[in-house]
Amino acid sequence: MNNGVSEVRYLLPEMHIQGVGEPDIFQVKGTLVQDSIDVTVSIPTNGLANNYPHLQEMTFPDLHENRVELLIGQNVQNALDE
């Protein structure tokens, strides 16, 4: 099963993230870092969100390159498997 994990390069012990135009900064510990994530079929769009009542009030940015630089919370239970 392909869950988007290609290969974990290293474990980043700590990093800080901040939303664009947001004042709050969040600390994230134990981040798995990899070169790429296959998101070509799972990037949310406003058109897709309109099909689901629980997502209709959310807005998603248009991604011109189908590229994600930071993904938080994806289920990658086999990320450290060799």
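Here are some notes:
- Residue pairs whose Cβ atoms lie under 6 Å apart, separated by 6 or more positions or on different chains, with the first residue in the stretch 1-19 and among the hydroxyl-bearing types (Ser, Thr, Tyr) and the second at pLDDT 55 or above and not in a strand (DSSP E or B), are Ser6/Ser36.
- On the stretch given as the stretch 21-65, residues that are loosely packed, with under 10 Cβ neighbours inside 10 Å and not in a loop (DSSP other than H, G, I, E, B) total 7.
- Residue match in the stretch 9-17 (condition: at negative phi, modelled with pLDDT under 80, surrounded by 10 or more Cβ atoms within 10 Å (Cβ to Cβ) and in contact with a helix residue (DSSP H, G or I) (Cβ under 8 Å, 6 or more places away or on another chain)): no
- Counted residues, the stretch 43-82 - those being under 22 Å from Gln27 (Cα atoms) and modelled with pLDDT of 70 or more: 5
- Look at (1) touching a Pro at 6+ places or on another chain (Cβ under 6 Å); (2) assigned by TED's automatic domain parsing to the domain that holds Leu12 and you find that Phe60 fails only one, number (2).
The values are calculated or read from the model by the stated rules, or taken from the named source; none is laboratory data. Just so we're clear, the structure is a prediction, and the values are computed from it rather than from any experiment. When we count neighbours, we look across all protein chains shown, and the Cβ atoms used for this are built from the backbone with ideal geometry, even at glycine.
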